[in-house]
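The values are calculated or read from the model by the stated rules, or taken from the named source; none is laboratory data. Keep in mind the model is a prediction, meaning the values are calculated, not measured. So basically every Cβ, Gly included, is an ideal-geometry build from the backbone, and we count neighbours across all protein chains shown. Each accessible area value is taken on the protein alone, full model and side chains, heavy atoms only, with ligands, DNA and RNA left out. Shrake-Rupley method; radii C 1.70, N 1.55, O 1.52, S 1.80 Å.
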Amino acid sequence: MLYIKKSQPSKEVADEISRVRREQKSLMSKGTPALARKVFDSLSKSLLRASLIVDQHGLCAYCMRRIENDTNMTIDHWQPIERNVDGALDYKNMLGVCDGGRRIYKSATEESSRVLCCDASKGSQAITINPCKREHMMKIRYSEDGRIYTYPKDEELEKDINEVLHLNGDNGIDTQTRIVKGRREAYKSYVRYIRKLIQDKSLSRSVIEKRIRHIESQERYDEFAGVVLYFLKKKLNQL
């Protein structure tokens, strides 16, 4: 997971939300989750997805897989509509997330033992962990085997990671989207990168700092960029 600095919605997005809020005022006033969902569904989803992709550098807010408008992406309400009707039209409550393996699950019955992740497993459950809270993201760590955890250990956040979002799969079995494998490979690729720098006698703080700046300056991050940034910053602290 990566810290998401939510921007103010563009004028187009703000106008679209205002339009729906105005036109669907009577439905929203009834205060039922089903009607609030219906109001949300009347928004231009393509417009919202495009804005969220920019905010999140093209990655799922939970697992850091690539998300693309109109293909493998959905909009998650961090605070579920079922628990906060007013949040249905709150842009700050919206996150761009991957399909969590829904498409794979439907087409690959032989892998039905693999679990769904992200919004596909979260559904209408409330969570504490929030990618938009820097203090939460500062606790995120990754191990060489691809596991995500917190340090200092935060039982509440790890419950969300493991039992609600299933970001570590289930009992050693990866998710449908194989995110544990993806994180593991991202970690190991930078182990090799550091070894090459050592071999070439070019490992230094300035080289690592330059690499970090390059990654963080990109409009669209590579998949699992949070793992790479964690690894590089950890290495930087060791130098």
### Residue in region 192-211 that is assigned to a helix (DSSP H, G or I), within 26 Å of residue 52 (Cα to Cα) and over 20 Å from the mean Cα position of the chain (by Cα) present
yes
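Does residue 144 count as open to solvent by 80 Å² or more (accessible area, probe 1.4 Å), out of contact with any Ser or Thr (no Cβ under 9 Å at 6 or more places or on another chain), more than 22 Å from residue 102 (Cα to Cα) and among the acidic types (Asp, Glu)? Full working, then the answer.
Numbers: open to solvent by 80 Å² or more (accessible area, probe 1.4 Å): yes; out of contact with any Ser or Thr (no Cβ under 9 Å at 6 or more places or on another chain): yes; more than 22 Å from residue 102 (Cα to Cα): yes; among the acidic types (Asp, Glu): yes.
Spelling it out, residue 144 is indeed open to solvent by 80 Å² or more (accessible area, probe 1.4 Å), out of contact with any Ser or Thr (no Cβ under 9 Å at 6 or more places or on another chain), more than 22 Å from residue 102 (Cα to Cα) and among the acidic types (Asp, Glu).
Are any of the residues in region 99-116 within 15 Å of the chain's Cα centre (by Cα), outside any loop (DSSP other than H, G, I, E, B) and within 21 Å of residue 177 (Cβ to Cβ)? Outline the logic, then answer.
Going residue by residue through region 99-116, those that are within 15 Å of the chain's Cα centre (by Cα) are 99-101, 116.
In the following step, the residues that additionally are outside any loop (DSSP other than H, G, I, E, B) were identified as none.
No, every residue in region 99-116 fails to be within 15 Å of the chain's Cα centre (by Cα), outside any loop (DSSP other than H, G, I, E, B) and within 21 Å of residue 177 (Cβ to Cβ).
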### Query
Are any residues in region 11-31 open to solvent by less than 60 Å² (accessible area, probe 1.4 Å), modelled with pLDDT under 95 and either touching a Phe, Trp or Tyr at 6+ places or on another chain (Cβ under 8 Å) or in a loop (DSSP other than H, G, I, E, B) (or both), and if so, which ones?
24, 31
### Task
Of the numbered conditions (1) free of Cβ contacts under 8 Å to residues at least 60 places away in the same chain; (2) farther than 12 Å from residue 177 by Cβ; (3) open to solvent by less than 20 Å² (accessible area, probe 1.4 Å); (4) touching a His at 6+ places or on another chain (Cβ under 9 Å), residue 128 fails exactly one; give the number of that condition.
(3)
### Task
Filter region 99-122 down to residues that are surrounded by fewer than 21 Cβ atoms within 10 Å (Cβ to Cβ) and of a type in the set (Lys, Arg) and give me whichever is modelled with the highest pLDDT.
102
### Task
Identify the residue in region 221-239 that is within 23 Å of residue 68 (Cβ to Cβ) and not hydrophobic (A, V, I, L, M, F, W, C) and, among all such residues, is most open to solvent (accessible area, probe 1.4 Å).
222
### Query
Name the residues in region 44-87 that are among the charged types (D, E, K, R) and closer than 23 Å to residue 104 by Cα, would you?
45, 49, 65, 66, 68, 70, 76
### Task
Taking the residues in region 32-64 that are of a type in the set (Lys, Arg) and touching a residue at least 24 places away in the same chain (Cβ under 8 Å) as candidates, determine which candidate is nearest to residue 122 (Cα to Cα).
37
### Task
Of the conditions (1) modelled with pLDDT under 95; (2) more than 16 Å from the chain's Cα centre (by Cα), residue 89 clears all except one; give me its number.
(1)
### Task
Determine which single condition residue 79 fails, assuming it passes every other condition in (1) outside any loop (DSSP other than H, G, I, E, B); (2) surrounded by 14 or more Cβ atoms within 10 Å (Cβ to Cβ); (3) of a type outside the set (A, V, I, L, M).
(1)
### Query
Given (1) part of a loop (DSSP other than H, G, I, E, B); (2) farther than 22 Å from residue 3 by Cα; (3) not basic (Lys, Arg), where does residue 168 come up short, assuming only one miss?
(2)
### Checklist (1) touching a residue at least 60 places away in the same chain (Cβ under 8 Å); (2) buried (at least 16 other Cβ atoms within 10 Å of the Cβ) applied to residue 218, failing item
(2)
### Task
Could you please find all residues in region 212-239 being among the aromatic types (Phe, Trp, Tyr) and not in a helix (DSSP H, G or I)?
221, 224
### Task
Among the residues of region 199-215, count how many are over 15 Å from residue 231 (Cα atoms) and open to solvent by 100 Å² or more (accessible area, probe 1.4 Å).
2
